[in-house]
Amino acid sequence: MLEVRDLHVYYGGIHALHGISLRVPDGQIVALLGANGAGKSTTLRTIAGIVKPSEGDVLLDGESLIGLRSFEVVRRGIAMVPEGRRVFTNLTVLENLRLGAYARRDSNQVIQRDLQEIFNLFPRLEERKKQSAGTLSGGEQQMLALGRALMSKPRILMIDEPSLGLAPVLAQDVFEKLKELNQAGQTILLIEQNARAAMSIANYAYILETGNIVLEGPAAELAQQDEVRKSYLGVH
Amino acid sequence: MTLSLFFQHLANGISLGSLYALIAIGYTMVYGILRLINFAHGDIVMLGSYIAFYGVVMFFLPWWVSFPLAILLTGVVGIIIERTAYKPLREVPRINLFTSAVAVSFLLENLGLVIFGARPKGFHRPPVMDTVLYIGGAAVVSYTPIIILTALVLFGGLMFVVHRTKVGMAMRALSKDIETTGLMGVNTDQVITFSFALGSALAAAGGILWAIKFPQIQPLMGVMPGLKAFIAAVLGGIGDITGALIGGFLLGIAEIMLVAFMPNLAGYRDAFAYSILILLLLFRPTGIMGEMEPEKV
């Protein structure tokens, strides 16, 4: 289980996170919702070791990850799909996926087998494995970013805005894949502005406003609350 | 001009070009990854040739031991410079990094003056590199083909590392996006250090071959090749390794041909190279291989 305790982060003089606490139990999808600038990305980037918190703790199975650099966090089992996908457009699709497995000590055979699993999940990637990632469409790049993160065999997969910039149909695709992965046992921490889509697949959700968690609960219950419906689901 | 004379000039241009290219690779790799023009790179060239020189005259090593050893040791010097002068400045404004690079350059040059002395030293060509060969009617001293062949072998090795190995893949990823490369579990500091070592080793090879071609070494000898190689790197498109090779060969051949065809302009040889730089910066700042990227907001 991933646990974040009382996290405070200052970002260029701005107090971006005012003591965030959350839990991501094994096997669940947890969604972190909120408007632009609420601190969702900062939370993820702090867990990933990119941003250093001024206070608080991040624990994976009780072990603190504070002070680790991002490559060490990945090696502990937390992978991140960054906002805007950020695939390596100068590398081929296959190289992007192999880079995801960079830190693994497994034999080439094992990695080859995992690659095949990714290709089974995203057949388009196999068709295009020799192409440079820059030639992929936005939806395909999102699949690649997801596949790349999965290649590290993460205990916990963190995803920052998977639907950003995607046509609704493609975004739906991405959420379907996430559900599929979760059913196969993958633990997921998801950030999303499209609260409706996120709540439809999440077990539990937290709602962030200007660096504070203002609401939390099982996603299905949260979706029934008036406040949430008004502010985040657009129902009046 | 007879055909054989033309080929002689061409061979000469290619060998000079391969030296520019060897040195240009270090500039372009460091720029590609850190967006830093490593002003000290030319002085690394000097250091490589001095270490090779002292290996032979002071430690009585055979040249085929001393030269590779010098390449290796200069690679280590590259690591030390990166760790002490550049790595601590990675999070601060880039101007500090540039200033530090200039400082390292002056430091190396002046250490060279103090330790090696200002007087130029004669670099002894190994005898196998000093015999005259007749290739298709053209007379060539053996060092010319040896320089070209050595450079080609090194380029081949570099291409293999960059395109066929895991660390090479990480280097290419790093040049695109350092933060995301870290998210792949890559220890980015290690890869950056490795790139410095590689660039410095190739610069040392360039310096040794330079000293074989122009067999006199002195502590400021790296300045001119460094500047020319920098022009070559910009010409090819800085940040792109293939571009550095193309730029190096083009500049070397162009320089030699200018002198060959217009001997009365021979004195303007360096001015010619700088003119290319100015024109390039005016009309195609991204170089031959560089892509025009729209300014990010």
Considering only residues that are in contact (Cβ under 8 Å) with a residue 24 or more places away in the chain, over 15 Å from the mean Cα position of the chain (by Cα) and in a helix (DSSP H, G or I), look in the range A:163-179 and name the one that is nearest to A:G138 (Cα to Cα). A:L170
Looking at (1) farther than 16 Å from B:I37 by Cα; (2) touching a residue at least 12 places away in the same chain (Cβ under 8 Å), which one does B:G226 not meet, given that it meets all the others? (1)
Scan the range A:103-155 for residues that are polar (S, T, N, Q) and away from every other protein chain (no Cβ under 13 Å) and jot them down. A:S107, A:Q109, A:Q112, A:Q116, A:N120, A:Q131, A:T135, A:S137, A:Q142
Starting from the range B:151-164, take each residue that is within 11 Å of B:L245 (Cβ to Cβ) and list its partners that are part of a helix (DSSP H, G or I) and of a type outside the set (A, V, I, L, M), counting only C-beta distances under 6 angstrom and pairs at least six apart or across chains. B:A151/B:S18
What number of residues in the range A:48-64 are under 25 Å from A:G13 (Cβ atoms) and not acidic (D, E)? 9
Scanning the range B:138-170 for residues that are within 14 Å of chain A (Cβ to nearest Cβ) and among the small types (G, A, S) gives B:G168, B:A170
Of all residues in the range B:243-297, which are at pLDDT below 90, touching a helix residue (DSSP H, G or I) at 6+ places or on another chain (Cβ under 9 Å) and of a type in the set (G, A, S)? B:A266, B:A273, B:G287, B:G290
Which members of the range B:104-153 meet the condition of being of a type in the set (G, A, S) and within 18 Å of B:A203 (Cβ to Cβ)? B:S105, B:G112, B:A151
Name the residues in the range A:163-213 that are among the hydroxyl-bearing types (S, T, Y), buried (at least 19 other Cβ atoms within 10 Å of the Cβ) and within 14 Å of A:A35 (Cβ to Cβ), would you? A:Y206
In the range B:178-220, which residue that is within 14 Å of another protein chain (Cβ to nearest Cβ) and outside any helix (DSSP H, G or I) is surrounded by the fewest Cβ atoms within 10 Å (Cβ to Cβ)? B:N187
Let me confirm something: among B:M58, B:M1, B:M29, which residue is over 22 Å from B:I146 (Cα atoms) and either touching a Pro at 6+ places or on another chain (Cβ under 7 Å) or surrounded by 24 or more Cβ atoms within 10 Å (Cβ to Cβ) (or both)? B:M29
Go through (1) touching a Phe, Trp or Tyr at 6+ places or on another chain (Cβ under 7 Å); (2) closer than 26 Å to B:I44 by Cα; (3) surrounded by 15 or more Cβ atoms within 10 Å (Cβ to Cβ) for B:V223 and report which single condition fails. (1)
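One line per residue, one yes/no per condition, for (1) part of a helix (DSSP H, G or I); (2) modelled with pLDDT of 95 or more; (3) surrounded by fewer than 24 Cβ atoms within 10 Å (Cβ to Cβ); (4) touching a helix residue (DSSP H, G or I) at 6+ places or on another chain (Cβ under 7 Å):
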site: B:L16; (1), (2), (3), (4): yes, yes, no, yes
site: B:L19; (1), (2), (3), (4): yes, yes, no, yes
site: B:I37; (1), (2), (3), (4): no, no, yes, yes
site: B:G42; (1), (2), (3), (4): yes, yes, no, yes
site: B:I51; (1), (2), (3), (4): yes, yes, yes, yes
Scanning the range A:28-49 for residues that are surrounded by fewer than 20 Cβ atoms within 10 Å (Cβ to Cβ) and modelled with pLDDT of 95 or more gives A:Q28
Can you say whether A:E63 is among the acidic types (D, E), within 14 Å of another protein chain (Cβ to nearest Cβ) and either surrounded by 20 or more Cβ atoms within 10 Å (Cβ to Cβ) or in contact with a helix residue (DSSP H, G or I) (Cβ under 9 Å, 6 or more places away or on another chain) (or both), as far as the supplied structure shows? no
May I ask you to verify whether A:V58 is in contact with a helix residue (DSSP H, G or I) (Cβ under 7 Å, 6 or more places away or on another chain), more than 12 Å from every other protein chain (Cβ to nearest Cβ) and touching a residue at least 40 places away in the same chain (Cβ under 8 Å)? yes
Of (1) more than 21 Å from the chain's Cα centre (by Cα); (2) among the acidic types (D, E); (3) in a helix (DSSP H, G or I), B:E109 fails just (1)
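The values are calculated or read from the model by the stated rules, or taken from the named source; none is laboratory data. In this text, all values refer to a predicted model and were calculated from it rather than measured experimentally. Please note: Cβ atoms are built from the backbone with ideal geometry, for glycine as well, and neighbour counts cover all protein chains shown.
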